[in-house]
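Q: I have a structure I would like to understand better, so I am pasting it below and will then ask my questions one at a time.
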Amino acid sequence: MRKKKDHRISGFLARRIYVVSQIAKMVSRNIMADKVRSFMTCLGIIIGTSSLIIMMSIMDIRTEKSKLEIDEAGLGEINIEMIPESLYFGLLDDNMRELAGIEHVAGITPTIALGSKTSVRVNDVTCKDVVLEGVSDAFYTCSKRNRLLAGSTLDALDLKDENKVCVINKKLAIKLFNSTDCVGKKIPVMGVDFLIKGVTTPAKDVKDSYSVRIPYNVMQKMTGKGIYGFTIYPDAHKNGPEVRNAVKEYMDELYHGKEEDYYYDNTDFYYLNQKTSEVRSAARLQMVIAAIALLIGGIGIMNMMLVMVTERTTEIGLRKALGSSGKRIQLQFVMESMMLSMVGGIAGVLTGIVSTVTYCLYMGEKIHINVASAFVGFMFSMAVGVFFGWSPAKAASKLQPIDALKGE
Amino acid sequence: MADILIDMKNIVREFESGGETLRILKGIDLKVERGEFLAIVGPSGSGKSTLMNIIGLLDVATSGTYIMDGQNIKDLGEDQLAYLRNQEIGFVFQQYFLLPRLTARENVMIPMFYADMPEKDQLEKSAELLEKVGMKDRMDFYPNQLSGGLQQRVAIARALGTGPSLLLADEPTGALDQKTGKQIIELFRQLNNDGTTIVMITHDAKVASNAKRILKILDGNIGEGDTADA
Ligand SMILES: Nc1ncnc2c1ncn2[C@@H]1O[C@H](COP(=O)(O)OP(=O)(O)O)[C@@H](O)[C@H]1O
Ligand SMILES: [Mg+2]
């Protein structure tokens, strides 16, 4: 064959870069030139991705809500009570530490109650029916039963230094001071002045009595009472049963060899189980909905890509007739579907986020976006778009040029 | 010895259609020398386009040998065929086949892009070719802004982009009025005078008379036609 003058760009890499940049230019022109088609192609991706994000985020919010309900009602707590005669001095601090060391335990608090109600008098106001309890810092930090309205709750230092501080409830604060603005004031409890550190109120709208809570070791010193009851907080709802078994094992060990029931497990996981199974089935539903959203989006993308390539078989034939290799045609369509999928994916993620935020604002919820779904939706759309843009283009690029030109 | 560009022996092309085999080309022998201007005539449906597509490497024969510029087509891979289509052959279709989203100039640049020509050269060369076909002032028009004759000129400029040695035209004037057709044929004569080998299909005897040699296809067989101005 006669030698022709070589017009080509010199250098392998330079030529590759040139080819890719030229195709990118051509592809973006193609996309811009037929905005309707491009938009329709993107639409499947936008719908798939955004609906996935919206669904997943809303499900998350609902799941969080029922988890919070469990926490506020204290449904995940493990309560143990012992018969006082069964142990001379009650449980010791060592026992508390050992129990706190059980796997999946977030915290433990002894529950020491006075047994009868006491009265508190401030200025001219006397409140007779006050329930006095000794607890640890975990009573507040590990539980959402009580919401803090003012000041702070008991902390580890208060226990270590045996501070004469207390947390009272709103009901008592209103009764004594006519307001919850009483942090820093002192109240006499059983003849000793206690500094009010904080004011709380039950998270759930339940009836509560006048309440004063002080560090349990201070309570022990004042009353001579031992620890004959405690509450353990598992670190997660799902770990509740496991922790409960471990606690019972510990207690059985403690009363080793004794036949009678010396302690009661007052834990009631009935509602916890009910709620968690609700949460679990919601999660399962979430997966199904996600799969459906992705499937519908995927079919939309697939459909548009197939139509796009079929419509353009003539173009593929012409490009082959003018000397394009099959590979270069495939590269063109891969890049084209990639750009469309990417634009659609980004638009879908933005649409999903905006809709979810709108939903949260409208429903008065805390704003939450399921980030994983945005990621998965975007990647999935890309994968489907690129695959279904590429594979029919690959098939078409393998045709004889004349067959493609005739649009077969 | 003459420089043979196209050497076909016993080319057969069959199509499967509705369960039966149609033998459209029934053993064609064809030799084309470099520098020739050959016209192929014949009634509609006689297999002219089918033959042309095989010559232009857009289709493959069912059987027979095709040696192009000394190379047996059977021995070539996909990429080598693409290279030949790009470098050695310029194809002009009856339906022009311009890409509607590209301007005249961009259409002309397509084969140059597949030849990996630098963009600067593409711009220069496309302008030069469009000037040659009389389209200098409409380079940035889109196909739908151009008449059929002008679109065919763009298609011819496109076919010449990589300096092919063989120009194939399948009824290039078929969709044009007489005057425009004449201009296109005049363009071909010029190109032929400059050294391009041309094979053109037509069923217009007047158009064919411009060629140096005329072959007639009848019912899938080829025969020598009238030789014009030999
Ligand atoms: N891909 C094909 N499948 C079936 N028949 C075909 C195909 N291509 C061409 N033909 C048939 O071959 C015959 C010749 O077609 P063609 O070469 O286009 O004729 P011409 O160009 O001479 O008018 C026609 O009858 C046509 O229907
Ligand atoms: Mg024809």
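Q: With unit charges on the beta carbons (Lys and Arg positive, Asp and Glu negative) and the dipole taken about the Cα centre of the protein assembly as shown, which residue among B:THR202, B:VAL133, A:GLY389 sits farthest to the positive side?
A: Of the options given, the answer is B:VAL133.
Q: Let me ask something additional. Throw me the Rg/Rh for the protein assembly as shown, computed over C-alpha atoms with Kirkwood Rh, two decimals. Don't skip to the end; give the middle numbers.
A: On the way: Rg = 43.6 Å, Rh = 32.2 Å.
Rg divided by Rh gives 1.35.
Q: Additional query: Can you give the helix-only mean residue ellipticity at 222 nm for chain A, where every DSSP H stretch with n ≥ 4 adds -39500 (n - 2.57) and the sum goes over all residues, rounded to the nearest 500 deg cm²/dmol? Don't skip to the end; give the middle numbers.
A: Working: 13 runs with 229 residues, N = 408.
So the calculated ellipticity at 222 nm is -19000 deg cm²/dmol.
Q: Related question: Give, rounded to the nearest 20 debye, the magnitude of the charge dipole that the protein assembly as shown has about its Cα centre when Lys and Arg contribute +1 at Cβ and Asp and Glu contribute -1 at Cβ. Please list the in-between numbers first.
A: On the way: 75 positive and 76 negative charges, 410 e Å.
Here the size comes out at about 1960 debye.
Q: Which residue fluctuates most in the GNM of chain B (Cα springs below 10 Å): B:ASP116, B:ASP170, B:ASP59?
A: Among B:ASP116, B:ASP170, B:ASP59, the largest GNM mean-square fluctuation belongs to B:ASP116.
Q: Another question about this same structure. Could you give each residue of segment B:22-38 its phi-based ³J(HN,Hα) in whole Hz, using Karplus coefficients 6.51, -1.76, 1.60 with θ = phi - 60°, and x for Gly or Pro?
A: Whole-Hz 3J(HN,Hα) from phi for segment B:22-38: 9, 9, 8, 10, 10, x, 8, 10, 8, 10, 10, 7, 4, x, 6, 10, 10.
Q: I would also like to ask the following. To the nearest 100 Å², how much accessible surface do chains B and A hide from each other in total, with a 1.4 Å probe? List each step's numbers first, then the result.
A: Details: alone 11640 and 22950 Å², together 31120 Å².
Heavy-atom accessible area buried at this interface is about 3500 Å².
Q: Here's another thing I want to ask about it. Let me know the mean shielding of A:12-22 by other chains, meaning the per-residue number of their Cβ atoms within 10 Å of its Cβ.
A: Averaged over the peptide's residues, the number is 2.
Q: Mind checking which aspartates and glutamates have their C-alpha under 17 Å from A:LYS160, skipping anything on the same chain fewer than 8 residues away?
A: Within the straight-line cut-off, A:LYS160 pairs with A:ASP93, A:ASP94, A:ASP137.
Q: Which residue, B:LEU130, B:LEU76, B:LEU98, has the most motion in a Gaussian network model of chain B that connects Cα atoms within less than 10 Å?
A: Greatest mean-square fluctuation among the candidates belongs to B:LEU76.
Q: Within 10 Å of each Cβ in peptide A:389-401, how many partner chain Cβ atoms are there on average? Round it to a whole number, please. Walk me through the numbers on the way to the answer.
A: Values: counts 0, 0, 0, 0, 0, 0, 0, 0, 1, 1, 0, 5, 9.
Per residue, the number of nearby Cβ atoms from other chains is 1 on average.
Q: For peptide B:77-89, what's the mean number of Cβ atoms from other chains within 10 Å of each residue's Cβ?
A: 4
Q: Straight-line reach from A:LYS35: which lysines have Cα under 18 Å away, leaving out those fewer than 8 places along the same chain?
A: A:LYS25
The values are calculated or read from the model by the stated rules, or taken from the named source; none is laboratory data. This is a predicted model, so every value here is computed, not measured. Here the Cβ is made from the backbone with ideal geometry for all residues, glycine too, and neighbour counts use every protein chain on show. The accessibility values were calculated without ligands, DNA or RNA, using every heavy atom of the protein model including side chains. Shrake-Rupley method; radii C 1.70, N 1.55, O 1.52, S 1.80 Å.
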